[in-house]
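Read the structure below first, then the notes.
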Amino acid sequence: MGLAGLGKSENSPNPTSLFLVHSECFSHQFCGSNLVFVLDQFFSNTLSFLSKLPSTLTVRLIMNWDHLAEESSQKLFASWLQLLSPAVPLTLAGQHRPGHQPIEASSFTTGAFNICCTVTFEDGFRVVVRFPILGRSRFRTEKTRDEVSVMNFLSRQTQVPVPIVLGAGRWGCGPYVVTTFIEGTLLSKQLKDPSVGLSDLERAYQGMAEVMLELSKPTFPSIGALEFESGKWQVTKRPMTLSMNELVRVGNLPPAIFTRKIFPTAAEYFEELATQQLLHVQYQRNDAVKRHDARKTREPGPFHLWCDDFCPSNVLVSESDLTITGVIDWEFTYVAPTEFTCTAPWWLPFERPEAWESDLNDFLARYTPRLQFFLKILRACEDRQMQNGTLTDSQRLSDRMARSLDCGLFWFCLATRRSFMFDDIYWTFLDEKHFGRLNSLDDRLSLLSQDELDGLDGFVRMKMQQVVEKRLDEHLTFDELVDL
C-alpha cells in the first residue's frame with residue numbers, strides 16, 4: 001500500500017461506534033479521574049445552550065468567519081506592511097550580534113501569523129528576523145514574549161531542536177524576534193511530493209513522534225504560559241491560544257474580553273474554554289456555568305506543554321532523508337490539560353482541520369488508518385526510549401491516544417480548541433450522545449431554564465439583525481492595535 005492508500009481502508013470502523021463515551025475510557029491512568037465530570041459540566045452548561053437553536057442558524061452564528069473582520073485584518077496587514085522596509089531586519093539583526101556586520105537581507109516570507117527575513121552577516125552567519133503580522137496576530141506583544149520563553153525553555157531543558165533566540169524587542173510598528181537560522185525544508189512541502197512512499201512517511205512520523213514524547217516529559221502544576229521567574233521555569237500568566245487569536249481576528253471579539261488568570265485545575269480551564277464558546281455566539285460573558293461545581297472535583301495536575309500549531313508545516317527536515325533539523329513557530333504554546341497531550345494528533349492527514357471534509361464521518365474514515373500507522377511508529381519510539389532509560393511506562397502516549405478516538409476525547413478536545421469547527425463536531429458526534437435522540441427542537445428547548453427561555457427570542461432577533469446590518473464593531477484604534 002502506498003502513501004495515497006492510507007485513509008482509503010475498506011475496513012474502517014463505523015464512525016457512529018466511536019463516540020459512545022464509556023466511563024472506563026476516562027480512568028485516572030488515561031486522562032484524569034475527573035474528565036467525565038468535566039465533560040458533563042462542559043456539555044450540560046455550555047453546549048446545551050447552543051443546541052437550543054436550529055442547526056442552520058447555529059452554523060451561521062458559529063461556523064462562518066466574520067468576513068468583514070477578515071477584510072479588516074487584511075487591510076491592517078497591508079497598511080502595516082508598507083512600513084516594513086528591507087532595511088528594518090538588517091538594522092535589528094545587527095543590534096543582536098554586536099561586532100559583526102549584516103550585509104544582506106532576503107525577501108520577506110509571509111506565513112499565517114508572521115513575516116520573516118533571513119539576514120546574512122559578513123562571516124556567512126545567518127539569522128532569521130520574525131515580525132508578528134499586524135491584523136493576523138492580535139496579541140502580538142504577549143504572544144512574542146510567550147514564544148521567546150518557550151523557545152528558551154525547549155533549547156535548555158529538552159532535546160527538541162529549536163532556533164536559538166538571539167534577541168527580541170520592539171521596532172516602530174511592533175515586536176520582533178531574532179533567532180538563529182536552521183537549514184532545512186518544510187516537512188509539509190516534502191510530503192506533498194507524489195513520489196513520497198510509506199518509508200518516507202514512516203521517517204516523518206517517527207520524527208514527529210519523538211518531538212511529541214519530548215514535549216510531554218516536562219510537567220507543571222498549573223495551566224498557563226511559561227516564564228523563567230525567580231530562578232526557575234514556572235507558569236505565571238494566562239495561556240495565549242490559537243483559538244483566542246482567531247476569535248478576535250475573524251470572530252471580532254474584543255481582545256480585552258478574555259480572562260488573564262492561570263488555572264490550577266483542568267476543570268477550571270475547560271470551564272474557561274466553555275465560556276469562550278459562549279462568547280463566540282453571544283458576544284458577552286455567560287454566567288450559566290456553575291463554578292462551584294468545578295471545585296468539587298479538583299485535578300491539580302501535573303500538566304504538560306502543548307503547541308496549538310505543532311504540525312508538519314512548522315517542522316524543518318533534511319531533503320535527503322526527512323530527518324528533523326528544527327521545529328519553528330512556537331507562538332501558541334502553553335502548559336495545557338493532560339487531555340490535550342493524550343489525544344490523537346490532528347495533523348496526521350497533513351491538513352489543518354478547517355480543510356477537512358465537510359462530512360466529518362468521511363474524514364474519520366480517511367484518518368483512522370493513518371492513526372493506526374502512526375501509533376505503530378510511536379510505540380516503537382516509546383520502546384526504544386524505555387530501553388535506554390529516557391522514558392517510563394507511565395509516560396507512554398500511544399495507548400492513550402488510541403483510546404482517545406474510541407471514547408470521543410479526540411473530538412472533545414478538538415471542539416474546545418477550534419471554535420469555528422465547534423458546530424460541526426457538536427451536531428455530528430456529541431449532541432445525541434449527551435442529550436439523547438433529537439426528534440424536534442422541543443427536545444432541546446426543554447433543557448433550558450425559564451430565564452434562558454425568556455431571553456432566547458431576543459437573542460436570536462439580535463443575531464439576525466446583525467446579519468442584516470453587516471456592520472463591524474471597532475474595538476481598538478490602529479495605534480492601539482500596534483501596541484497590543
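Numbers below:
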| quantity | calculated |
| --- | --- |
| Whole-percent pair-distance distribution, where bins are 5 Å wide, for the alpha carbons of region 73-185 | 2, 12, 22, 24, 20, 14, 5, 1, 0 |
| Other-chain or far-sequence residues with amide H under 5 Å of GLY197's (modelled H) | none |
| Lys, Arg +1 and Asp, Glu -1 on Cβ, resulting dipole of region 73-185 about Cα centre, debye, nearest 20 | 460 debye |
| Rounded if a/c under 1.5, otherwise prolate or oblate - region 121-191, Cα gyration tensor axes | rounded |
| In Hz, Karplus ³J(HN,Hα) per residue of region 144-157 (6.51, -1.76, 1.60; θ = phi - 60°; x = Gly, Pro) | 5, 4, 5, 5, 4, 4, 5, 5, 5, 5, 5, 5, 9, 10 |
| FRET efficiency for ARG384 and SER199, using Cβ-Cβ distance with R0 set to 22 Å, rounded to 0.05 | 0.75 |
| Phi to ³J(HN,Hα) by Karplus 6.51 cos²θ - 1.76 cosθ + 1.60 over region 338-347, Hz, x for Gly, Pro | 4, 4, 5, 5, 7, 8, 4, x, 6, 8 |
| Fewest-first sequence of ASP424, ASP66, ASP457 by Cβ atoms within 10 Å of each Cβ | ASP457, ASP66, ASP424 |
| Footprinting exposure proxy for LEU191, LEU305 (fewest neighbouring C-beta atoms within 10 Å first) | LEU191, LEU305 |
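Bear in mind that the values in this text are calculations on the coordinates, not laboratory data. Nothing here was measured: the structure is a model prediction, and the numbers come from that model. Positions of Cβ are backbone-derived with ideal geometry, glycine not excepted, and every protein chain shown enters the neighbour counts.
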